[in-house]
1. State the extension gain, in nm to one decimal, for the chain segment bounded by Thr171 and Arg31, taking 0.36 nm per residue of separation less the distance between their alpha-carbons.
2. Test of understanding: extend the Cα→C-beta vector of Arg85 to 7 Å, then name every residue of segment 91-125 with backbone N under 17 Å from that spot.
3. Just to confirm the filter: which GluC sites (Glu not before Pro) across segment 64-155 are DSSP coil and have at most 15 other Cβ within 10 angstrom of their Cβ?
4. For the residue pair Ile97 and Ala128, what label-to-label distance in nm results when each label sits 7 Å from Cα along the Cα-to-beta-carbon direction?
5. Please give, to one decimal in nm, the separation of the simple spin-label points placed at Gln20 and Glu222, each 7 Å out from Cα toward the Cβ.
6. Which FRET efficiency, nearest 0.05, do Thr41 and Arg244 yield, Cβ-Cβ r, R0 45 Å?
Amino acid sequence: MVAGNWKMNGLSGDAVHLTQAILNAGLEPMRPEVVLFPPFTLLHAVSQEAKSSALRWGGQNLFWEASGAYTGEISGAMLRDMGCRYVLLGHSERRQIFGETDAQVAQKVKAALHSGLIPVVCVGESEAERAQGATESVLRRQVEAVLHLLNLDANQPNMIIAYEPIWAIGTGLSATPEQAQAAHAFIRTLVVAHSEHLAKRLLLLYGGSVKGNNAAALFDQEDIDGGLVGGASLQAGEFVQICRAAE
Ligand code: PEP
């Protein structure tokens, strides 16, 4: 899978242009699955362009309640109503700028599954945490917060985890394929310990300065099943190059 996180970028004209450029790049039938995460305001435009294609789309966040007096929030049902199949949860920008906690991310994952969405749960350590040798303990804490909550769930859910080291996001400084592989292998062991069933179908995406020129080396790693792309997903040519590297 290759997913593009547009973050808070673009107006409707940009969404139409970018989606059309991806659709016209000859990636169909799409292998791997290609998913766009535009801002909420562009979901309609993207869905209109992509509705009869293999391209998928999702929201960048949701709130765990189904409806009510939560001004400014969006529910899982609202995302489903926009044709979303996926939702990004726990992105480091949500955790750092908006103070989302592990417990809140877990609650959102539960709500997403309840709504029939596939959550793409982002985890990753900061530069200081890596320097302190705390990468694995941070990943364990973030992943287990979600897995423990799913323990309560009798249905084994469909879930994707994106490893996104914070020091690599938007910095141009990608993790090396070996660093990324080590983190992915660790995350997979955490999931295996919790549920072999979930581990079997779990996709693990790498995110953090993925570009056309480093994607293939990252995707070649055994435990890297694709990428979550930020900045480069706003440039159609670069994004298509990344998708091709995952074919
Ligand atoms: C992201 O925001 O999820 C991301 C990976 O950003 P970038 O590719 O720009 O580092």
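1. Separation in residues times 0.36 nm, less the Cα-Cα distance, equals 47.6 nm.
2. 113, 115-121
3. Glu65, Glu73
4. 2.0
5. 4.6
6. Efficiency computed from Cβ-Cβ geometry: 0.95.
Every read-out reported here was derived from the displayed coordinates using simple, explicitly stated rules and does not represent laboratory data. Please read these numbers as outputs of a predicted model, since none were measured by experiment. Note: ideal-geometry Cβ built from the backbone for every residue, glycine included; neighbour counts use all protein chains shown.
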